[in-house]
Amino acid sequence: MWRYLTIVVIKNGTGVHLCQIACLLFVLFLPTFGHALPMEYVAPDSKVRAPVESTLPARRLAQLQTTEGYAFWARRLQRDGRKALESLGYYSAEVRVKLDSQNSVRVEIDPGLPTVINEVKLAFHGYPGDALPVSLGLQRADQLDHGLYESGKRRLHSWLLAHGYLNAALTEHRIEVNRKKRTADIRLVWDVGPLFRFGDTRFLDTTLNPDFLQRYVQHQQGSPLSEKDLQALSQNLRNSGYFSNVEIAPLVGEANSDWLTPVQIKLTPVKRSVYEAGVSVGTDRGPGVDAGITRRQSNAQGHRWEARIDVSARRQFIAGRYEMPSATQMDRTRLLDFNVVNEETDSTRRTTIRTALSLQKRWRGWRRTDAINVLNEHYTVSGDKRESTMLIGSAELFRRESNDAVNPTHGWRARGELSASSTLLGSATDFVRAEINGKFIGSIGDKSRWLLRGRIGSMWTADFADVPASLRFFAGGDYSVRGFDYESLGPRDDANNVVGGVHVIETSIELDRLLTPKWRIALFADAGNAFGDGRESLEYAAGAGVRWLSPVGPLRLDIAAPLSESDGGMRIHFSAGPDL
């Protein structure tokens, strides 16, 4: 519906303003904007209503602002609505459209009795079994649903393709509906074709030895060319750290008479060397700087190495690592580590030189590291200067699971280590040491999380004084019992100096809430201590903090107060890094 706007022009003297002349030349047609006609659907349920409401006539009726055009679209809706309900198996449905005296549209839907499935026949010519391990999703006595029929048909076909039947063809697909009896018969026939199998694997344009790359090929030659195995191969190569992109293509056209199919892999290598430099901050170690270099590939056998230096107020650290992956087993790597640490705390001073030869592998979902360590340490505890040289055997298990590597809302990590040394092997003393620690994160609604952390450790030794300070147990600090200084908790000597313990227990619970996409606030309570002869007791602390969610993990600023010390003051803790 349109209305006309008339412009009245008034002369001024003998002339007419230019704008008035322009107005005389145009008649403007302005649309009248009103409300759409009210519509009401009467149907047994939303599932029956949905296909009728989604038809073109229903959408056009919903847009009408007057009754003009109503009769045409109402007739179309009655016809198209009945047709739409056939998709749900209603072949005797009725759709009535009425217009009342208030110009409201009422759509009444009577689906009638549904059509049920009388028989389902599936045939897979050329398949070794009688049926596939996946189903159509419809069976005898079910209500006919064309949507489920189509999705089930795609599922069956996709399964054949994913399991090596690359030439599978659906040669017959039919639904026979008996409207009088309200029954339907389904018949689907596939010509499965040959089973394609894995042939040789060809690596293109790689600087790594192809024999070395075979360690990532976990399927057997001659096994079915399955999508699952292709995806696993792609994932293994992507996770290797050598490539930025992996493209895998089965060469179906080159399959031989036994249907062995070559698999071609195009690999894009990562940048070979990575250089890093930055500043480090933390109340445990003070301000500092760090730098490092990583060589992601040093030869055709996939060897790698890295070197790092970290210098802060309380700790100086130099480390190097050389990695030698197994030539045949994907999950095994030999490591040679060397590091020098010079560290000063309120309780100890120590300089530690450690060399380790280890074997790292996957074990029941965990990362397992078995190592032989040679440790030499000069340490001063309570004014007593000592030097210890130890040959230590150790075994470590580590695992981490989370929904996000940097800022998870749920997940966990756990680490356990068992180490031992003996004077029979030239060590300064005998000892057996075990430690377990873990952290768990869960969600409370969309914006809140809980974080639970725990640590327990124990050691047996023939002569505690000869145990290097780096192997003793201490507590306190940014990642321990906040509210207390770094390694300030533990057994003390007669001069009240902390000397470290043979046992340790720590626990922490934290609640945080997201205020903005980048900021969280937190409340926490910590408890723990290191123990010696049993005179020590648990120390407690509590506090609050803020977290800024940086791209590399949260930056944490905490204020904590000791609860077990009446004269203990507030302490600020600053730390950084992923939660897990």
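The values are calculated or read from the model by the stated rules, or taken from the named source; none is laboratory data. Just so we're clear, the structure is a prediction, and the values are computed from it rather than from any experiment. Glycine gets a Cβ as well: all are built from the backbone with ideal geometry, and neighbour counts include every protein chain shown.
From the list 226, 234, 298, exactly one residue is in contact (Cβ under 8 Å) with a residue 60 or more places away in the chain and either surrounded by 13 or more Cβ atoms within 10 Å (Cβ to Cβ) or of a type in the set (Asp, Glu) (or both). Which is it?
Of the residues listed, the single one that is in contact (Cβ under 8 Å) with a residue 60 or more places away in the chain and either surrounded by 13 or more Cβ atoms within 10 Å (Cβ to Cβ) or of a type in the set (Asp, Glu) (or both) is 226.
Looking only at the stretch 353-387, which residues are closer than 20 Å to residue 501 by Cα and outside any strand (DSSP E or B)?
Matches in the stretch 353-387: 382, 383.
Looking only at residues in the stretch 91-129 that are more than 29 Å from residue 191 (Cα to Cα) and aliphatic (A, V, I, L, M), which one is surrounded by the fewest Cβ atoms within 10 Å (Cβ to Cβ)?
In this case the residue turns out to be 113.
Would you confirm whether or not the stretch 153-171 contains a residue that is in the same structural domain as residue 127 (by TED's automatic domain parsing) and farther than 30 Å from residue 117 by Cβ? Give the steps one after another, and end with the answer.
Going residue by residue through the stretch 153-171, those that are in the same structural domain as residue 127 (by TED's automatic domain parsing) are 153-171.
Right, trim to farther than 30 Å from residue 117 by Cβ and you get 164, 166.
Scanning the stretch 153-171, I find at least one residue that is in the same structural domain as residue 127 (by TED's automatic domain parsing) and farther than 30 Å from residue 117 by Cβ, so the answer is yes.
Please verify whether residue 384 is modelled with pLDDT under 95, exposed (fewer than 15 other Cβ atoms within 10 Å of the Cβ), closer than 20 Å to residue 429 by Cα and of a type in the set (D, E, K, R), treating the condition exactly as stated.
Judged against the criteria, residue 384 is a match.
Would you confirm, using the coordinates I've provided, whether residue 350 is part of a strand (DSSP E or B), touching a helix residue (DSSP H, G or I) at 6+ places or on another chain (Cβ under 6 Å) and outside the structural domain of residue 509 (by TED's automatic domain parsing)?
yes
Inspect the stretch 271-284 for any residue being farther than 30 Å from residue 343 by Cβ and either in contact (Cβ under 8 Å) with a residue 24 or more places away in the chain or exposed (fewer than 15 other Cβ atoms within 10 Å of the Cβ) (or both) and give the result as yes or no.
Yes, because at least one residue in the stretch 271-284 is farther than 30 Å from residue 343 by Cβ and either in contact (Cβ under 8 Å) with a residue 24 or more places away in the chain or exposed (fewer than 15 other Cβ atoms within 10 Å of the Cβ) (or both).
Counting just the residues of the stretch 129-162 that are over 26 Å from residue 47 (Cβ atoms) and assigned to a loop (DSSP other than H, G, I, E, B), which one comes out nearest to the chain's Cα centre (by Cα)?
That would be 133.
If the requirement is being touching a residue at least 12 places away in the same chain (Cβ under 8 Å), crowded, with 17+ Cβ neighbours inside 10 Å, among the aromatic types (Phe, Trp, Tyr) and touching a helix residue (DSSP H, G or I) at 6+ places or on another chain (Cβ under 9 Å), which of these qualifies: 473, 431?
Selected residue: 431, the only one of 473, 431 that is touching a residue at least 12 places away in the same chain (Cβ under 8 Å), crowded, with 17+ Cβ neighbours inside 10 Å, among the aromatic types (Phe, Trp, Tyr) and touching a helix residue (DSSP H, G or I) at 6+ places or on another chain (Cβ under 9 Å).
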